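Report on one structure; see the data block that follows.
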Amino acid sequence: MDAFISVRDLHYRYGNAGESIEALRGVSLNIVRGEYLAIVGPNGSGKSTLAKCLSGLLSPSSGDVRVNGASTRDAAALVGIRATVGMVLQNPDNQFVTSSVEDEVAFGPENLGVPPAEIRRRVASAIERVGMCGQELRDPHLLSSGEKARLAVAAMLAMEPQCLVLDEATATLDPRSRGSLLALLTQLYSAGMTIITVTHHMTEVTRAKRVVVMERGQIALTGAPAEVFARDDALKGYGLALPPAAAVERGLARRGLELGRDVVTAEELVRRVVALWEGEG
Amino acid sequence: MARAASLRNASLGRFWPGDSVVHTLDPRVKLCSLGLWTVAIVLASRWWVTAALFLLIAAAYRAARLPRGAAGAVLRPVLPVLAVLAVSQLLFGYQDPAMPGADIGVLEVGAADVSLGRVIGAAIAIVRLLSLVMLVGLLTATTSASALASGMERLLLPLNRIGLPGHELALTGAIALRFLPILGEELEAVQRAQLARDITGGPERPWQLARNARRTAALVVPLFADALQRVDEISTALLARCYQGGRGRTYMRELRLNAKDLISLAISVGLLVIVVVL
Amino acid sequence: MSAPIVQLSHLSYTYLAGTELAATALVDASLSVSEGEIVALVGPSGAGKSTLVSFVNGLLRPEEGGRAVILGLDTHDPAADLSALRSQVGLVMQHPHQQLFERYVGDDIAYGPRQMGLSGESLRGRVRWAMEAVGLDFETFVDRRTFALSGGEMRRAALAGVLAMQPRILVLDEATAGLDQVGRSQVHEVLHRLQSEQGLTIVLVTNEMDEVVDMADSVSVLVKGHTVASGAVREVLGDASLMERCGLTVPEATELAQDLREHGIPIGQSLLSDGEVEEALWHVLHR
């Protein structure tokens, strides 16, 4: 299958020639359509910068990012790329520019020149998908933090993207709101949307199909969650913890009770423990 | 802290959704009317015309069916300005010899001789300013930021023909209005953090200039840093939403002038004509 | 444990009371903290947590019916010396840029102690102490530009600015939200050390249940301005139905343990950390 998003030797430098910081130092990555990818790494590892490059919000200093074959260096293709790879930023307050939920959702398609009747259809459908029916006229600024996060997703959905990139969108949510946002992502993923999520939260990572670990502007590790979390020593070096199920498995393994290093989710741990327990019983 | 909390809910610029006649008017009509009424208020030379205009605006508030106290909330922030205006008008205001009561003394303050005429003059000046503030407050209270932006952009459309960014100007205005309460919240947080470290405490005393300047700087610096960061994030967000200025933009709500709009506009024009003739 | 040094009882608070914009933040909220204890305050967003901790350093005073006694000082009393209270209660907020304002790191950290009358060598010594306490090297950072610091360094500078006043009580208002694992455990380490070495009392406002397990001795739950539960961390966080009712979730390890129990694995209730689940499983599976 052809790559949906392909990244080749991507470098990105912030600042001018005088004092510049190289946030990305040679990143190469292929993302296929319908993938669920988690990008993790310590603060300052370049994961947010990578996310912004993927959605065409930053242009590479050198190297190449292509979405459906179009390069993000090509100014004429940028609007199309940004509509295809929709980016949800961390602080919703700074991405809302109107004063009602429906205007906010309409803002993107309006910019794309979508005909009015079609905008109304998309707005209604996006608001429904994130479960905010009946709240069309509320002021975005006065929503709860969980609602703000879902509105930010709806605002992207109305542009009908093929991919959503979320930059630490769950970082400051309370656990309940985080759960509902994650459920929404899983639902969109099942419907065929490509999901790329930047996060610190390891349990969130286990929902992904592939993990990219960033460290100092480079990809340090990549693979399925089970493969990445099997490298716990390396992860500790990058300042990353294990999700609870993997941590428990590792602890038991150290005591000589092996359940398998590929355990990362709670369901998997429960399955193995039950098998062992019933096998013994 | 109370001061910052009220800023958080800064009401000039706050939109109260509704379905009154005033709410449903075309934003372009409302903006044009704002212009026409403003000119009328400024030109009105007779006290009873000024008073009548004020009453008309009050009637418009009624028609808008805003929550109780919305008008008060609009006026509260400008009260100090009104007070200063009143005093200066009383003491140094232009005295029209033709004004009734110009020769009736009311009060003597030092060299200034306050006549009844001055009192009336000051009252007129205040009612004028009140009218202007309430007019703007009515517009923002009954018109959503995006309706304002789209109305403004279409009015500014001729600018695009001579190469000026009409839509960008309109959106900038709308965003500025939107972020007023958010900056208020930010100010509250900064104040909270600093009060916690400012153990000298106590009320602000006007004569402690150095200390007050330092306090103000301590508030403004983080607020400015925050505003800059927001500007950066908002511009990124606009890119992510594929914003490209007014070019090729469509609107969810199509603006079409209906009879109600045309009648309102006609009333506003008529009003200005009457005021000019009078 | 000694007598409470923070005693907030039945507090209510309404922002802009009496106006059309009135917003009720607290209805009936209480909080009790003993000396040297770490108490976590949790609750869904909008529950009034920030408002409640504003009573701890006297930024807010109780209205009718409520009572707030902090370090023996009743803040309802109009004669109460709130400035003395503020020097003993430090507040650290989520966004460090909200509390940093001096151009250089050293000056910013010196701001509080300077207000308290320190100068010269003792001031310098205090700044050095606070910086080292949070792991910022004095020589490296003292003359750095405040707004050129990285996010993690800024957080530590903000914490140092508060610690430099050597408060007896430290309030952290979601001060670790959005920090990565390393940053968070560094802050935790600093706090634990200050607790054990200086007997510092800490009030921790947080959304992260795992942080509560890691840090707190007891926890208080605030929902829509009401204090609905408080007690030992295990009793409160381990109670899944209580957490559910409060619109919160149990710690991830607790949820895992619950899953296991539902599948017939006989492990105990209210396990809070990965380590405890591991221990319990070891006992069950290892024969």
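The values are calculated or read from the model by the stated rules, or taken from the named source; none is laboratory data. Every value quoted in this text rests on a predicted model; they were computed, and no experiment measured them. Cβ sites come from the backbone with ideal geometry, for glycine too, and all protein chains shown count toward neighbours. Surface areas here come from the heavy atoms of the whole protein model, side chains and all, with no ligands, DNA or RNA. Shrake-Rupley method; radii C 1.70, N 1.55, O 1.52, S 1.80 Å.
Annotations
- Inside the range B:245-270, residues that are modelled with pLDDT under 85 and more than 7 Å from chain A (Cβ to nearest Cβ) make up a count of 6.
- Residue match in the range A:212-234 (condition: in a helix (DSSP H, G or I) and within 15 Å of the chain's Cα centre (by Cα)): yes
- Any hit, the range C:153-176, residues being within 30 Å of residue A:235 (Cα to Cα) and surrounded by fewer than 19 Cβ atoms within 10 Å (Cβ to Cβ): no
- Looking across the range B:261-275 at every residue that is of a type in the set (Val, Ile, Thr) and under 24 Å from the mean Cα position of the chain (by Cα), the one that is surrounded by the most Cβ atoms within 10 Å (Cβ to Cβ) is identified as B:275.
- Being more than 21 Å from residue C:50 (Cβ to Cβ), out of contact with any Ser or Thr (no Cβ under 7 Å at 6 or more places or on another chain), surrounded by 15 or more Cβ atoms within 10 Å (Cβ to Cβ) and within 14 Å of chain A (Cβ to nearest Cβ) holds for only one residue in C:149, C:179, and it is C:149.
- The set of residues in the range A:160-197 that are touching a residue at least 24 places away in the same chain (Cβ under 8 Å), part of a loop (DSSP other than H, G, I, E, B), more than 17 Å from residue A:92 (Cα to Cα) and aliphatic (A, V, I, L, M) contains only A:193.
- Residues of the range C:182-202 satisfying the condition of being open to solvent by less than 20 Å² (accessible area, probe 1.4 Å) and either out of contact with any strand residue (DSSP E or B) (no Cβ under 9 Å at 6 or more places or on another chain) or within 11 Å of chain A (Cβ to nearest Cβ) (or both): C:183, C:188, C:190
- When the range B:182-212 is limited to residues that are open to solvent by 30 Å² or more (accessible area, probe 1.4 Å), part of a helix (DSSP H, G or I) and more than 10 Å from chain C (Cβ to nearest Cβ), the one that is modelled with the highest pLDDT turns out to be B:183.
For (1) touching a Phe, Trp or Tyr at 6+ places or on another chain (Cβ under 9 Å); (2) touching a residue at least 24 places away in the same chain (Cβ under 8 Å); (3) in the same structural domain as residue C:174 (by TED's automatic domain parsing); (4) open to solvent by less than 10 Å² (accessible area, probe 1.4 Å), each residue gets a yes or a no:
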position: C:75; (1), (2), (3), (4): yes, no, yes, yes
position: C:83; (1), (2), (3), (4): no, no, yes, no
position: C:108; (1), (2), (3), (4): yes, yes, no, yes
position: C:111; (1), (2), (3), (4): yes, yes, no, no
position: C:125; (1), (2), (3), (4): no, no, no, no
position: C:142; (1), (2), (3), (4): yes, yes, no, no
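- The set of residues from the range A:90-110 being touching a residue at least 24 places away in the same chain (Cβ under 8 Å) and open to solvent by less than 20 Å² (accessible area, probe 1.4 Å) comprises A:95, A:96, A:98, A:99, A:100, A:101, A:104, A:105, A:106, A:107, A:108, A:109.
Let's see how each residue does on (1) modelled with pLDDT under 90; (2) hydrophobic (A, V, I, L, M, F, W, C); (3) touching a helix residue (DSSP H, G or I) at 6+ places or on another chain (Cβ under 6 Å):
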site: C:163; (1), (2), (3): no, yes, yes
site: C:171; (1), (2), (3): no, yes, yes
site: C:180; (1), (2), (3): yes, no, no
site: C:186; (1), (2), (3): yes, no, no
site: C:219; (1), (2), (3): no, yes, yes
site: C:245; (1), (2), (3): no, no, no
site: C:249; (1), (2), (3): yes, no, yes
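- Subset of the range A:109-126 (residues that are more than 7 Å from every other protein chain (Cβ to nearest Cβ), more than 25 Å from residue B:177 (Cα to Cα) and touching an Asp or Glu at 6+ places or on another chain (Cβ under 8 Å)): A:122
- Matching residues in the range A:106-144 - criterion: being under 22 Å from residue A:178 (Cβ atoms) and not charged (D, E, K, R): A:126, A:127, A:130, A:131, A:132, A:133, A:135, A:140, A:141, A:142, A:143, A:144
- Residue that is surrounded by the most Cβ atoms within 10 Å (Cβ to Cβ) [pool: residues in the range B:123-168 that are among the β-branched types (Val, Ile, Thr) and closer than 27 Å to residue B:71 by Cα]: B:142
- Residue A:154 small (Gly, Ala, Ser), facing chain B (nearest Cβ under 7 Å) and more than 26 Å from residue B:227 (Cβ to Cβ): no
- The range C:203-254: number of residues that are small (Gly, Ala, Ser) and either in contact with a Cys (Cβ under 6 Å, 6 or more places away or on another chain) or open to solvent by 40 Å² or more (accessible area, probe 1.4 Å) (or both): 3
- Just so you know, in the range C:255-265 the residues that are more than 8 Å from chain A (Cβ to nearest Cβ) and farther than 13 Å from residue C:276 by Cα include one that is surrounded by the most Cβ atoms within 10 Å (Cβ to Cβ), and it is C:261.
- Test: residue in the range C:105-125 that is within 11 Å of another protein chain (Cβ to nearest Cβ) and aromatic (Phe, Trp, Tyr): yes
- Test: residue in the range B:73-82 that is at pLDDT 90 or above, assigned by TED's automatic domain parsing to the domain that holds residue B:269 and buried (at least 18 other Cβ atoms within 10 Å of the Cβ): no
- Conditions (1) under 13 Å from the mean Cα position of the chain (by Cα); (2) away from chain A (no Cβ under 12 Å); (3) not charged (D, E, K, R): number failed by residue C:230: (1)
- Highlighted here are the strands (runs of 3 or more DSSP E) found entirely within the range A:1-108 that include at least 2 residues which are facing another protein chain (nearest Cβ under 10 Å): A:85-88.
- Residues in the range A:225-260 that are under 19 Å from residue A:205 (Cβ atoms), touching a Phe, Trp or Tyr at 6+ places or on another chain (Cβ under 8 Å) and open to solvent by 20 Å² or more (accessible area, probe 1.4 Å): A:242 alone.
- Filter result (of a type outside the set (A, V, I, L, M) and more than 7 Å from every other protein chain (Cβ to nearest Cβ)) within the range B:230-244: B:232, B:235
- Filtered residues of the range B:217-275 (kept if of a type in the set (Gly, Ala, Ser) and either part of a loop (DSSP other than H, G, I, E, B) or free of Cβ contacts under 8 Å to residues at least 60 places away in the same chain (or both)): B:217, B:218, B:225, B:227, B:235, B:237, B:240, B:245, B:248, B:259, B:266, B:270
- Under the condition of being more than 24 Å from residue B:16 (Cα to Cα), open to solvent by 30 Å² or more (accessible area, probe 1.4 Å) and outside any helix (DSSP H, G or I), the residues counted in the range A:114-142 number 1.
- Residue in the range C:61-73 that is closer than 19 Å to residue C:177 by Cα and in contact (Cβ under 8 Å) with a residue 60 or more places away in the chain present: no
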